[in-house]
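Notes follow the structure.
Here, each number is a calculation from the coordinates, and none is a lab measurement. Every value quoted in this text rests on a predicted model; they were computed, and no experiment measured them. Backbone-built Cβ (ideal geometry, glycine too); neighbour counts: all protein chains shown.
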Amino acid sequence: MSRKYKIHNQSSIYFVTFTVIDWIDIFIRDEYRAVVVESIRYCQENKGLEVYAYCFMTSHIHLIIGANSLLPLEGIIRDLKAFTSRHIRKVLEDDRQVKESRDWILKRMYHAGKHNSNNKDFQFWQQHSHPIELNTTAIIEQKLDYIHLNPVDAGFIDVPECWTYSSARDYAGIAKGPIELIFL
């Protein structure tokens, strides 16, 4: 069965969204964001991931990404999501600080994993990342604005550059974020 959202051109750049199951607000804590940032950095250095823009929201992450032909982009995305899922699971299971929130989060993720044939027993991310190929300047600008305005539209901040985990700060020349970028 063919999906509407699929990476067809491995040499193109794509807008993708990684969403936590049940839209759980896990990225309100630094330790979970740090796992994703370190994994992105690893994929940039070792797998050929190219990052053009990003924004971490509380329950999802938007990215504009591509691959430099070391590996296919869909393989990099698969590896990135699998690695972050395993490591965030470890952090959740070892987290002694906020037991109340940890328990219900783990319960939801184990439940989702048991009911999804693509997983063994645990699911952190929703299955698909809905890649959209950015093959025109207009689409690139629209998705870049969408990513950077997402925390403004959510009511978290007034201007995009104030969101710490966003490439809006890099694009505005205010501060260098935690992820290395290739500017569009």
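Structural remarks
- Remark: SER59, SER129 ranked as SER59, SER129, counting other beta-carbon atoms within 10 Å and listing the fewest first.
- Placing unit charges on each Cβ (+1 for Lys and Arg, -1 for Asp and Glu) gives the chain a dipole about its Cα centre, and among TYR54, ILE105, ILE28 the Cα reaching farthest toward its positive end belongs to ILE105.
- Long hydrophobic helices in the chain: none of the complete DSSP H runs spans 27 Å or more by Cα along its own axis with mean Kyte-Doolittle hydropathy of at least 1.6.
- Computed about its Cα centre, the charge dipole of the chain is approximately 720 debye, with only Lys, Arg, Asp and Glu carrying charge at their Cβ.
- Residue-count net charge about LEU184 - beta-carbon cut-off 12 Å; Lys, Arg +1, Asp, Glu -1: -3
- Burial ordering of THR19, THR164, THR136, fewest other beta-carbon atoms within 10 Å first: THR136, THR164, THR19
- From the coordinates shown, Rg/Rh (Cα atoms, Kirkwood Rh) corresponds to which of [x] 0.99; [y] 0.92; [z] 0.96: [z]
- Relative contact order %, the chain, counting alpha carbon pairs below 8 Å whose residues are six or more apart: 30
- Long-range lysine pairs (8 or more apart or interchain), region 14-172, Cα under 23 Å: 13
- Hypothetical label at ASP121: residues of region 52-92 whose amide nitrogen lies under 16 Å (7 Å Cα-Cβ projection): 86-87, 89-92
- Relative exposure of VAL36, VAL159, judged by other C-beta atoms within 10 Å (fewest first): VAL159, VAL36
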